[in-house]
Amino acid sequence: MLEVLERRRLENRRWRIASTAATGVDTVVASAPAETEPSLPETVTIRYADGASRAAAVTWGLPASWPASGVVTVPGTAASNVAGVPGLPAVPSVIVTTATDANVAPDSSPSATFTESPSYAVSRTINRIADDKGWSNWRSGTKNAQDTLTYDLAERERVERFTIRFYRDGGATWAQSLRVDHRLTGGAWTTGQTVTVPEQASGAPVIEVPMGGVVADEMRVVLTARPATHMIVSEVEISAARPSTSSVADLARLAVGGELVAGLDDREEYEVVVDPGSSTELTAVPVDRDARVSITQPADAEGTGTVRVIAPDGTERAYRVVVREEAALDLDTTVATRCLAGKVLVTVTVRNPSDAAAVAAIRTPWGSKSGIALAPGKASSHAFTTRASSIPEGELTVTGTQDGVAPFSATLVVPARTCS
């Protein structure tokens, strides 16, 4: 069975892909505090030339360690939905910044083993009010000897501290002792040390329990009551390491007329050649999704567009894109492999869709062919014998010329093939 692959135009920096071919993977950006592994998605979105998309499972190649700050790219592969076809590369940018503390309790889902009434629900312990009468376990008759407040965090966190603020309601309405436990969902609870809550003549105790940067997505505090006394908690704060404000004003994607600008790097000036009459609309995606982007279109600035990116901390970068119209030769090319007498045969087809004659050349690891005359609308196929029963994935190059227009160049991927 012939394996037809899309081709990539390098010199003219354009993609030309069959309507059923994947054009790429949506940009993935994550943030993490220094020396902390980020939380990356389990799936990414693959885009197709016809506008369709699908979610695909992704495998990340995480590094063994993380730097103190900067932008780190992580190699990944999005799974193909076609048997035998390799996955697409997915390379997220991870913004690593100095760690800062954040109270993640208000974003959690709290629960309690017992509550006096809905008026004193456990949700009141994460309302950011440090001195109100929050959760209470008062009941008539015999008081509860122990109750537990559990906080299901919105995501996995590196927890540094757990702070609980009690409330005085006419007496010592706080725990005699407490214990803070943590776990990852579905795992066993890691039991903390018992902490004695001190006596106070006035006010109410505030107990801060160091957690040492444990990784967890569930936290609980087990409260042991004073004899025949109910307990009231004003507020719970769960301090986790979060990335600080980013100064990254880099670009993750830059496109003209919907086609990605090749060679995007740390430069701030680019030149793009487009066919006459093509769209010159400039679009951009920042590395930091929280950065602000403003664009001056080339059509509004005599052919030179500008992309301004302002990072969350105010750092600004400007990217200048010169768009120049120039007719270029456009050839249709495909590469296919098949088995012949137990050996791999590679066939390259070149078609000239224009209304003027062109000349093409093919260079492969197994030989070359030059001076291929292509009449308007005509195609020419050329087979190359590898003399091998198995070949690894490789590349070949097709070039072409035509009077009065820019030349054509494309690199085609030759898939690995084994003949039995």
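The values are calculated or read from the model by the stated rules, or taken from the named source; none is laboratory data. Just so it is clear, the model here is predicted, and its values are computed rather than measured. Using ideal geometry, Cβ is built from the backbone for each residue, glycine included, and neighbour counts are taken over all protein chains shown.
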Notebook entry, point to check: Does residue 102 qualify as being modelled with pLDDT of 95 or more and among the aliphatic types (A, V, I, L, M)?
Noted result: no
Check: Does the stretch 228-242 include one or more residues that are over 27 Å from residue 123 (Cα atoms) and touching a Leu at 6+ places or on another chain (Cβ under 9 Å)?
Finding: no
Next item on the list: Hey, could you check the stretch 258-279 for residues that are assigned to a loop (DSSP other than H, G, I, E, B) and hydrophobic (A, V, I, L, M, F, W, C) and say which is farthest from residue 323 (Cα to Cα)?
Entry: 264
Item checked: Scan of the stretch 160-194 for residues that are of a type in the set (Val, Ile, Thr) and at pLDDT 95 or above, ordered by number -> 163, 164, 173, 180, 190, 191, 194
Next item on the list: Output the number of residues of the stretch 124-143 satisfying the condition of being over 14 Å from residue 168 (Cα atoms), surrounded by 17 or more Cβ atoms within 10 Å (Cβ to Cβ) and of a type outside the set (Lys, Arg).
Entry: 2
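Test of understanding: among 401, 364, 337, 333, which residue is among the hydroxyl-bearing types (Ser, Thr, Tyr), under 30 Å from residue 254 (Cβ atoms) and buried (at least 16 other Cβ atoms within 10 Å of the Cβ)? Show your work before the answer.
Values: 401 fails: buried (at least 16 other Cβ atoms within 10 Å of the Cβ); 364 fails: under 30 Å from residue 254 (Cβ atoms); 337 fails: under 30 Å from residue 254 (Cβ atoms).
333 is the lone residue from the list that is among the hydroxyl-bearing types (Ser, Thr, Tyr), under 30 Å from residue 254 (Cβ atoms) and buried (at least 16 other Cβ atoms within 10 Å of the Cβ).
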Notebook entry, point to check: Within the stretch 340-361, how many residues are buried (at least 24 other Cβ atoms within 10 Å of the Cβ) and not in a strand (DSSP E or B)?
Noted result: 1
